[in-house]
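Chemist: My questions all concern the structure below.
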Amino acid sequence: MRRQVSSSGLYRHFLTRNLENGAEKSVRALNSSAQFSSTSRFPDSPGAPQIAHPDRNSGTSQGLLSFFQPVRCLDSSARPRHVDSVPRSSVIETRRRSFVATAGNEKGPSKKCWACEHDILGGSGLFCPSCDGIQPLDLSVDHFTIFGIERSFKVDSKELEQRYKSLQKKLHPDLMSSKSQKEQGYSADQSSHVIQAYFQLLKPLSRARYLLGLHGIKVDEEGTIDDPALLMEIMEIRESLEDVSDAKELQKLQAQNALRIQDTEKVLEKTFAAGDLKKAVSWVQRLAYYNKVDEEIVRKL
Ligand SMILES: [Zn+2]
């Protein structure tokens, strides 16, 4: 049976698991070596009543509990329809075929220009290289290809923005008035898809999820966190946030968290470059939590 994850439950689960393994020492070591100083109230002894008491959570705000709520990892376009029915685990392999859905066209999108029948393979798939006609949306073309940039976690945001603006100019409705209804429809589809792709690649967290999605990997942040160091860190951050309502203190916490985000993104850059997708999954989980922490601080400010 799946355990309902709550903040106190999560921590008790972690402690219980470690106690069962006779790992009290490692809990203490993790506690003292946590890289973020805070006003943590973690006891040295895992058996301390404030942790074990079931009512300890009664004063916790809903917002803080939301750190432990599920986080969607793939957006609707990148998320295979069957995802909700697959078993939960930290990494779920999905078939690439599912990822590149063809929007109801079982034979897949045409690779010939609908207007002049010229071959449209090789480019972004948006325009015909011969007649410049706007093509129907082809979801098998990945976001990096749309913008003509390298498929990597490291993205030059200025270059991405320039290419995005250039595409949007070409798809602008003002340019479509002389076109057929058919092409105007393709243009509207492509335009909204380009916007969605741009924002997905712009933010490091969604870009990382998207990259993993391209490899058929879904990060299940709803599942149990296996990394004890991350678990301890989350609890410490949560405790420190609970204690603070002063704006200056919150800003200080926000600055600390921004550094965590920055460092995590640097690690992800190296991890993706090395092709270590398993490691990337755990760092994406971490980045997702730090982003949630930032949202929580912003709410409290
Ligand atoms: Zn054409």
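The values are calculated or read from the model by the stated rules, or taken from the named source; none is laboratory data. Just so you know, these numbers come straight off a predicted model, no measurement behind them. Reconstructed Cβ throughout: ideal geometry from the backbone, glycine too, with neighbour counts over all protein chains shown. Ligands, DNA and RNA are excluded from the accessible area calculation, which covers all protein heavy atoms including side chains. Shrake-Rupley method; radii C 1.70, N 1.55, O 1.52, S 1.80 Å.
Chemist: Identify all residues within the stretch 236-285 that are open to solvent by 80 Å² or more (accessible area, probe 1.4 Å) and among the aromatic types (Phe, Trp, Tyr); write none if there are none.
Modeler: Passing the criteria: none in range.
Chemist: Then there's this: Among (1) assigned to a loop (DSSP other than H, G, I, E, B); (2) more than 16 Å from the ligand (Cβ to nearest atom), where does ASP132 come up short?
Modeler: Going through the list (1) assigned to a loop (DSSP other than H, G, I, E, B); (2) more than 16 Å from the ligand (Cβ to nearest atom), ASP132 breaks only (2).
Chemist: Quick check on ASP276: is it under 15 Å from PHE153 (Cβ atoms) and of a type in the set (Asp, Glu)?
Modeler: Values: under 15 Å from PHE153 (Cβ atoms): yes; of a type in the set (Asp, Glu): yes.
So ASP276 fits the description; yes.
Chemist: Right, another one. Scan the helices (runs of 4 or more DSSP H) fully inside the stretch 170-289 and keep the ones with 1 or more residues being modelled with pLDDT of 95 or more and assigned by TED's automatic domain parsing to the domain that holds LEU126.
Modeler: 181-202, 204-214
Chemist: Go through the residues of the stretch 185-202 one by one and say whether even a single one is more than 26 Å from the chain's Cα centre (by Cα), within 16 Å of the ligand (Cβ to nearest atom) and either farther than 30 Å from LYS270 by Cβ or open to solvent by 80 Å² or more (accessible area, probe 1.4 Å) (or both). Please lay out each step first, then the result.
Modeler: Taking the stretch 185-202 and keeping what is more than 26 Å from the chain's Cα centre (by Cα), we get 185-188.
Imposing the further condition that a residue be within 16 Å of the ligand (Cβ to nearest atom) reduces the set to 186-187.
Remaining after also requiring either farther than 30 Å from LYS270 by Cβ or open to solvent by 80 Å² or more (accessible area, probe 1.4 Å) (or both): 186-187.
Yes: the stretch 185-202 contains one or more residues that are more than 26 Å from the chain's Cα centre (by Cα), within 16 Å of the ligand (Cβ to nearest atom) and either farther than 30 Å from LYS270 by Cβ or open to solvent by 80 Å² or more (accessible area, probe 1.4 Å) (or both).
Chemist: Here's another thing I want to ask about it. Which condition breaks for THR145 when tested against (1) among the polar types (S, T, N, Q); (2) farther than 24 Å from LEU201 by Cβ; (3) more than 16 Å from the ligand (Cβ to nearest atom); (4) surrounded by 12 or more Cβ atoms within 10 Å (Cβ to Cβ)?
Modeler: (2)
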